[in-house]
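Encoded as structure tokens, the structure appears first; notes follow it.
FYI, it's all coordinate maths here, none of it is from the lab. These figures come from a predicted structure and were not determined experimentally. Note that each Cβ is placed from the backbone with ideal geometry, even for glycine, and that neighbours are counted across all protein chains shown.
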Ligand code: C5P
């Protein structure tokens, strides 16, 4: 059987990582959350008080950083310089700053280089914003997940409440919309559906529904 590369892109909180993880598990492929890499750099930049508008210090920080994505029973763990920062990178501060870090060309080039190295040989499910367009333009399966801002905010809200976190639905809506705007309007590799990507609107679909649709695409190409 061929080992495919599967690219899953889409706006914030569209359910990309949830379905990507399940698809990877079903196929025994590796799952790579590229957003976690941008988040890890953002976390380190905040801790080190680096100006997020300046490319050079961000690139220096990235070049001297070891970012590892490791699978575990509890999901994917993120290590920065051998420190577990899985929870830290989901903080509101990181979430609301990461799109500024992700704008810089030199930062993106280095991230893409690392992501492409992870994907050598195929057998990967990678999720992000520019996977189908820039990181894995030759991916055999490209999916673009969509859902309304309201739907995405409600899902994230319920997730927060389930985890026992405080959550403000209107604030979530605003933050998601703002992150999408920055990600779609940036100059370098903006969030955009690849021409050959299959669009799936998940608004009225369950997680198993979405996984099933992707598995059909996989079976056609494997
Ligand atoms: O996927 P996640 O929401 O964790 O991504 C966090 C942020 O990282 C995005 O809002 C975007 O600014 C950036 N990102 C990116 N390119 C990717 C993945 C994430 O620019 N491939």
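Tabulated results
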{"item": "Label-point separation in nm, residue 73 to residue 49, each point 7 Å along Cα→Cβ", "result": "4.2 nm"}
{"item": "Quarter of Cα convex hull surface for the chain, i.e. mean projection, nm²", "result": "11.7 nm²"}
{"item": "Relative exposure of 114, 108, judged by other C-beta atoms within 10 Å (fewest first)", "result": "114, 108"}
{"item": "R0 of 45 Å, Cβ-Cβ distance residue 174-residue 26: FRET efficiency to nearest 0.05", "result": "0.80"}
{"item": "Relative contact order %, the chain, counting alpha carbon pairs below 8 Å whose residues are six or more apart", "result": "34 percent"}
{"item": "Shape call, region 69-173: gyration tensor on alpha carbons, a/c limit 1.5", "result": "prolate"}
{"item": "Burial order of peptide ranges 178-186, 69-77, 151-159, 97-105 (average beta-carbon count within 10 Å, highest first)", "result": "97-105, 151-159, 178-186, 69-77"}
{"item": "Rel. contact order, % - alpha carbon contacts under 8 angstrom, at least six apart, region 146-222", "result": "32 percent"}
{"item": "Three-way shape label, region 170-209, alpha-carbon gyration tensor, a/c 1.5", "result": "oblate"}
{"item": "Mean-position separation - Cα centroids, region 1-52 and region 198-220, in angstrom", "result": "18 Å"}
{"item": "Theoretical ellipticity at 222 nm over the chain - DSSP helices of four or more residues, -39500 (n - 2.57) apiece, nearest 500", "result": "-15000 deg cm²/dmol"}
{"item": "Proxy reagent accessibility, fewest Cβ within 10 Å first, across 206, 86, 133", "result": "206, 86, 133"}
{"item": "Share, in percent, of DSSP beta bridges within the chain that are antiparallel, nearest 5", "result": "25 percent"}
{"item": "Ordering of 53-60, 12-19 by burial proxy (mean other Cβ atoms within 10 Å per residue, highest first)", "result": "12-19, 53-60"}
